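The values are calculated or read from the model by the stated rules, or taken from the named source; none is laboratory data. Remember, it's a predicted structure, so these values are computed and weren't measured experimentally. FYI the Cβ positions are ideal-geometry reconstructions off the backbone, even for glycines, and counts take in every protein chain you see. Each accessible area value is taken on the protein alone, full model and side chains, heavy atoms only, with ligands, DNA and RNA left out. Shrake-Rupley method; radii C 1.70, N 1.55, O 1.52, S 1.80 Å.
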Amino acid sequence: RDWTSVAAGLTHTCARRATGRIYCFGSDIHGGIGDGGASNVNRYAPVEVKGHRTDWAAVFTGGYVSCARRNSGQLFCWGDDAYGQGGAGSIAAAFQRAAPSQVAGGATDWKTATIGNLHVCARKSTNRIFCWGYGFWGQRGDGHSGNPPEQPTPTEVA
């Protein structure tokens with residue numbers, strides 16, 4: 001096969017092929033598979049992420065969320081968005097994003113991301129780190145008490 005990378009979340013897994021396409025499989029609870037289909041079902045075989053793009057450079061998965069970076073440096077996330085983990089600038093109406101949504105701000109210099117259970121942190125080419133999502137215990141590192149706990153926009157680590 002032509003798999004080039006793999007990332008495992010809490011209940012799902014995503015992998016990138018040499019073609020630049022991303023596929024996910026496992027539980028689609030909260031939209032973590034990213035195919036735009038019905039959530040809360042299981043995908044027993046890899047399903048391509050919605051959009052059928054061939055310019056994905058990397059995929060990152062954790063909790064019920066997945067993110068991927070395009071060759072352009074743009075970052076997109078999908079899955080659980082109850083606390084703004086999607087990073088799109090607002091919390092999705094159904095608290096989930098079933099397909100990739102661009103991280104707020106439109107930056108094109110994202111390098112890598114790591115995903116916790118309810119929050120995401122990512123590093124830019126400038127080596128600056130930004131986090132979003134749940135932050136009640138301070139896990140976003142932005143110097144705020146986490147009240148309210150949700151932050152749907154990338155905020156630089158202090």
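Summary table below
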read-out: Accessible solvent surface per residue of the chain, calculated while the other protein chains remain in place, 1.4 angstrom probe, Å²; value: 45 Å²
read-out: Nearest-0.05 FRET efficiency for Ala93 and Val6, computed from C-beta distance (R0 25 Å); value: 0.20
read-out: Charge dipole magnitude, Cβ of K and R +1, D and E -1 - the range 64-125, Cα centre, debye nearest 20; value: 260 debye
read-out: Portion, in percent, of the accessible area of the chain that falls on carbon or sulfur, probe 1.4 Å; value: 51 percent
read-out: Peptides ranked, highest mean first, by Cβ atoms within 10 Å: ranges 50-56, 136-142, 62-68, 20-26; value: 62-68, 20-26, 136-142, 50-56
read-out: Net +/- balance of residues flanking Ala18 in space, Cβ distance below 12 Å, scoring K and R +1, D and E -1; value: +3
read-out: Net length gained if the chain between Thr54 and Thr126 were fully extended (0.36 nm per residue, minus Cα distance); value: 23.3 nm
read-out: In nm, spacing of pseudo-spin labels at Ala158 and Phe136 (7 Å Cα→C-beta vector); value: 2.0 nm
read-out: For P(r) over Cα pairs in 10 Å bins from 0, in percent, calculated from these coordinates, the label among [x] 10, 33, 35, 17, 5, 0; [y] 13, 45, 34, 8, 0; [z] 9, 37, 40, 14, 1; value: [y]
read-out: Net charge of neighbours whose Cβ lies under 13 Å from the Cβ of Asp2, counting Lys and Arg as +1 and Asp and Glu as -1; value: +4
